[in-house]
Each structure stands twice: as structure tokens, then as C-alpha cells.
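Colleague: Take a look at the following structure, please.
The values are calculated or read from the model by the stated rules, or taken from the named source; none is laboratory data. No experiment lies behind these values; they were computed from the predicted model shown. Using ideal geometry, Cβ is built from the backbone for each residue, glycine included, and neighbour counts are taken over all protein chains shown.
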There are 2 protein chains.
Amino acid sequence: MDLPGQVNCETCRIRSCAVEVLDQQELDILKTNCAGAVYARNERIFQQGSLTSNIAYVKTGLVKIHKNGPSKDQILKLVKPPRFIGIPTVLGDKINNYSATALLPTTVCFIVTSTFKTLIMRNGRFANEVINSICQDELTFYDRSINQMQKQIHGRLADALLFLADEIFEADSFDLPLSQSDLGDYIHATRESVTRTLGRLKADGLIQVKGKNIKLIEKDMLRKISKLG
Amino acid sequence: MDLPGQVNCETCRIRSCAVEVLDQQELDILKTNCAGAVYARNERIFQQGSLTSNIAYVKTGLVKIHKNGPSKDQILKLVKPPRFIGIPTVLGDKINNYSATALLPTTVCFIVTSTFKTLIMRNGRFANEVINSICQDELTFYDRSINQMQKQIHGRLADALLFLADEIFEADSFDLPLSQSDLGDYIHATRESVTRTLGRLKADGLIQVKGKNIKLIEKDMLRKISKLG
DNA sequence: ACAAATTTGTGATATAGATCATAGTTCTGC
DNA sequence: GCAGAACTATGATCTATATCACAAATTTGT
């Protein structure tokens with residue numbers, strides 16, 4: 001973890017919708033209670049179970065949110081910047097309920113929780129934007145959750161590939177930022193099943209695989225697979 | 001749906017933490033933009049896909065939140081009052097993303113969305129309480145989601161029974177408020193598997209079943225099953 | 001540049017739980 | 001109080017995907 005340390009929220013070009021509505025005085029409060037950090041691929045940003053007094057704002061890169069389950073670690077979601085993560089720690093206990101790990105080189109700003117709370121209390125529009133953002137996450141997670149439960153592995157993998165292409169990379173060809181084992185934790189499948197299913201999609205000509213690089217060839221067909229489960 | 005209509009938030013004895021922090025003027029705003037309703041068992045409170053301009057506050061009873069998936073309806077969560085439901089509709093589209101149905105006779109207050117937003121904007125403590133509540137839900141749902149994915153059916157059913165006993169009814173003997181088919185939608189299993197698994201728990205003497213009534217006999221054993229999946 | 005570690009590929013086998021089929025039971029409205 | 005609907009019970013079979021076991025390929029540290 002590299003520390004650029006002091007940041008300037010006034011001139012920051014990757015500000016969240018929420019921060020956009022702050023006034024000069026509030027920006028000053030934020031600026032003096034905010035520190036930047038840079039993470040390399042596979043570096044842990046925060047760890048489930050550890051104490052924290054910060055909320056993280058992912059500015060660039062890609063982050064996985066993951067959590068220990070009864071039998072293994074599971075990737076709850078992939079977070080594309082810009083996005084706050086760890087807001088639930090505004091709650092009483094201040095213990096991280098899940099872990100966050102960089103999947104690509106990632107820049108993060110940490111905001112002191114009490115400052116975040118102060119801004120919510122002071123500025124209703126800020127609070128409103130924060131609520132919107134959390135609610136958006138909630139709905140997305142409900143959808144993902146139902147898809148994970150009801151689709152079988154082909155559909156889940158197609159979902160993941162389409163998500164990476166459309167939402168994360170905005171390109172039909174990209175380098176997989178996760179190992180196949182991670183991908184398994186994300187779509188709830190074993191590593192072997194991921195390998196096999198990827199192989200199947202490749203054999204059927206729906207995707208091209210060259211090392212880490214994946215190219216979606218037949219997106220319509222992938223969408224159909226995603227729909228039918 | 002029966003309509004007691006006009007309610008009085010000032011004297012309401014089932015107020016949320018959030019409403020507790022409102023001042024007199026704000027309570028007046030709330031009161032004039034709030035209507036009560038009573039629902040019978042299995043009555044729909046709101047329907048996925050329908051337009052809405054209200055947020056619901058469940059005062060008494062029990063509610064299931066459910067949503068259409070690719071292959072079937074799924075119960076996302078059971079909501080024990082007092083609790084807001086449908087806050088995500090504060091977002092732009094104003095279309096319900098999921099359905100809510102009463103499982104027991106249930107009383108609900110509807111708050112006009114714009115009023116809710118006004119209160120968030122005006123009163124930082126209100127906003128803060130709302131955020132706390134949403135975050136709490138989020139964390140609970142993450143846990144449930146991981147448990148659903150990683151445990152097998154005995155563990156999931158044990159979870160559900162312990163949840164009903166400990167969280168909902170606060171008693172080891174209770175009448176199941178869901179059919180076995182619903183219970184299947186809740187723990188992601190078929191109705192047949194629920195029947196069989198309940199039968200197994202009964203045969204093993206961990207629970208007693210008399211019609212709709214369930215009595216947990218060996219809670220420690222159930223907890224062990226829940227843990228081991 | 002090389003050894004060690006991690007990641008990927010693939011077959012053989014096992015299994016939890018779905019699906020299908022058929023009945024018995026308990027509600028519910030008229 | 002009866003008929004039709006909804007719910008519960010249980011057996012037989014099927015299947016998607018996990019597990020296990022190994023091998024090959026790729027990445028990483030020194």
C-alpha cells in the first residue's frame with residue numbers, strides 16, 4: 001500500500017455525487033479528514049473482523065468485496081469505482097463485516113467515519129445522495145442474489161462475463177482480473193466447474209480465450225444463456 | 001385491506017428510531033402525509049413492478065419480501081416490525097423492485113416518498129437513523145445470502161426455524177406463518193425437500209410438528225446443524 | 001534462469017437435491 | 001356440510017455439479 005497521503009477534495013476530479021453537493025466549508029472538513037492510498041493487485045484494502053474508523057471511497061481500479069462463509073470465502077460483489085465501500089461500518093460496532101481486496105491497481109480515499117457522519121447530519125442533500133447510493137447497491141445485490149440461486153452454472157458464468165464486459169471494462173475483450181478460483185467464489189462454483197464451463201463456452205465458439213484475455217464473440221448467445229439459466 | 005386512514009404520529013407507540021428524532025414541526029409534516037392500513041394474512045402490500053409514491057412502515061404483524069427470479073418467486077427476507085420497507089423506491093424510478101405480502105395480520109403506515117425525502121433533507125439525525133437501518137439490513141442480508149449459498153438443506157432449514165423462534169416469535173413453539181412451499185421459496189429448496197427435511201428433523205426428535213405448530217426440542221442440536229451446514 | 005508455488009486442464013466417481021408421479025389431508029367458499 | 005382447491009407426504013428416478021486425483025502450464029521470488 002502506497003500512501004499519497006494528503007488529498008484535495010476541492011479539486012478532485014473523481015468526486016462522488018454525494019460530495020458534489022457539499023459546500024466550501026464542508027469540503028474543508030472533508031479534506032482535513034481524508035487520506036488517499038494506492039493498492040496493488042491482490043492487496044487487501046480492509047479485512048473482515050478488523051476494527052476501523054474509516055469509510056473507503058474507491059476512486060480508480062477494481063475491488064472485490066468478500067466474506068467468510070461457513071465453508072469458504074465468497075465474493076459478494078465486484079465494485080467498480082467511483083463508489084463508497086464499507087458504509088455499513090457507520091453502525092455501532094465499527095468492525096468490518098467483510099473484506100475488500102484490490103483486483104487491479106486501485107486508488108482509495110479513506111474518510112474518518114465521524115466526519116462522514118457529521119456531513120450526513122449537516123447536509124441533507126449529502127445524506128440523500130448517500131441513501132440513494134446504498135439503495136442502488138441493495139437492489140443490485142438482490143438481483144444478483146436471486147440470479148446466483150436460480151441459475152445454473154452456465155447462466156451464472158455468462159452473467160459474470162457479460163458484467164465484466166459491459167459494466168466493468170466496457171469492452172468485449174478484456175483481461176480477467178480474477179483467477180478461475182476467484183471467479184468460482186464469485187459465481188458460487190468450484191474452480192474445476194469454472195474451467196470446464198469456460199472450456200465449453202470456448203468450444204462452442206461463444207468466447208475466445210488467450211491466457212488471461214477473454215473476448216466475447218457471441219454476446220447475444222451469452223445473453224440467451226444468461227436468461228435461460 | 002382495511003383502512004384506518006388518518007394516523008397520529010405524535011402519539012404513535014410504535015415509532016421507529018428515525019421518527020423519534022423528529023421535532024414537532026416535522027411530526028406535523030409526517031402526520032399529514034401518512035396513512036395507515038391493515039392487511040390480512042396473505043394480502044399483498046405492494047407488488048413488484050407497480051408504480052408507487054410511498055414508503056411503508058410495518059408496525060405490527062409479519063411481512064415477506066419476495067421477488068420474481070428467472071425460474072420462480074423467491075422470498076428475500078422476512079421482515080419483523082417495526083421496520084421500514086421499500087426505501088429503495090426513494091430512487092428515481094419509483095417502481096417497486098420487489099413485492100411485499102403479509103404473512104400475519106399486519107398494520108402498515110404509508111409515508112409519501114417526497115415527505116420522507118423532505119425529512120431526510122431537513123433533519124440530519126433522521127437521515128442518520130435511516131442510513132443505520134438500511135445498513136443493518138444490508139449486513140443481515142449478506143449473511144443470509146452466504147448461508148443460503150453454502151449450507152445444505154438441513155442447515156438452511158435449521159437456520160429458518162431458529163430465526164422464526166428467536167427473532168420473530170421469541171418462543172420455541174410457534175405456528176408456522178408460511179406454507180411448506182413458501183418455506184421452500186425462503187430457504188431455496190423445493191416443497192418436497194422441505195417436507196422430507198422437516199420429517200427428518202421430526203423423526204430425529206429435534207422438533208415436534210402438530211399441524212402448523214412447530215416446537216423446537218433440541219435447539220443446541222439445531223444450532224449445530226445450522227453451523228455445520 | 002531456475003526452483004517453488006500457484007493456476008489451469010481433464011477424467012472418474014459420488015451425491016444432494018431436483019423432478020416426476022401418485023395419494024392422502026386439510027382448508028375454504030358457498 | 002360438501003366439493004374443489006390448496007397443502008402435505010412419500011417413493012422412484014435423474015442430473016448438475018461437487019469431489020477426488022493427477023498432470024500440465026504459468027507465474028513468482030531470488
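Colleague: Does any residue of segment B:127-149 turn out to be within 16 Å of DNA strand D (Cβ to nearest atom), facing chain A (nearest Cβ under 8 Å), buried (at least 21 other Cβ atoms within 10 Å of the Cβ) and outside any helix (DSSP H, G or I)?
Modeller: Checked against the condition, which is being within 16 Å of DNA strand D (Cβ to nearest atom), facing chain A (nearest Cβ under 8 Å), buried (at least 21 other Cβ atoms within 10 Å of the Cβ) and outside any helix (DSSP H, G or I), segment B:127-149 yields no hits at all.
Colleague: Next up: Quick check on B:Thr89: is it touching a strand residue (DSSP E or B) at 6+ places or on another chain (Cβ under 8 Å), away from every other protein chain (no Cβ under 14 Å) and of a type outside the set (A, V, I, L, M, F, W, C)?
Modeller: Here the answer is no, as B:Thr89 does not meet what is asked.
Colleague: Looking at (1) closer than 30 Å to B:Gln148 by Cα; (2) not in a strand (DSSP E or B); (3) not basic (Lys, Arg), can you tell me which one A:Asp28 breaks?
Modeller: For A:Asp28, the failing item is (1).
Colleague: Still on this structure, I have one more. Give, as residue ranges, the strands (runs of 3 or more DSSP E) completely inside segment B:64-124 that count at least 3 residues that are not β-branched (Val, Ile, Thr).
Modeller: In segment B:64-124, the matching strands (runs of 3 or more DSSP E) lie at B:73-79, B:99-112.
Colleague: Quick check on segment A:155-184: of everything there that is within 11 Å of DNA strand C (Cβ to nearest atom) and touching a strand residue (DSSP E or B) at 6+ places or on another chain (Cβ under 7 Å), which residue is farthest from A:Lys219 (Cα to Cα)?
Modeller: The qualifying residue farthest from A:Lys219 (Cα to Cα) is A:Asp182.
Colleague: On to the next question. In segment B:194-209, how many are more than 9 Å from DNA strand D (Cβ to nearest atom) and surrounded by 15 or more Cβ atoms within 10 Å (Cβ to Cβ)?
Modeller: 4
Colleague: Answer yes if at least one residue in segment B:1-23 is modelled with pLDDT of 90 or more and not assigned by TED's automatic domain parsing to the domain that holds B:Gly184, and no otherwise.
Modeller: no
Colleague: Just wondering, is there one or more residues in segment B:100-113 that are within 8 Å of chain A (Cβ to nearest Cβ), surrounded by fewer than 21 Cβ atoms within 10 Å (Cβ to Cβ) and more than 12 Å from the chain's Cα centre (by Cα)?
Modeller: no
Colleague: Looking only at segment A:158-193, which residues are touching a residue at least 40 places away in the same chain (Cβ under 8 Å), within 12 Å of DNA strand D (Cβ to nearest atom) and either surrounded by fewer than 16 Cβ atoms within 10 Å (Cβ to Cβ) or assigned to a strand (DSSP E or B) (or both)?
Modeller: Passing the criteria: none in range.
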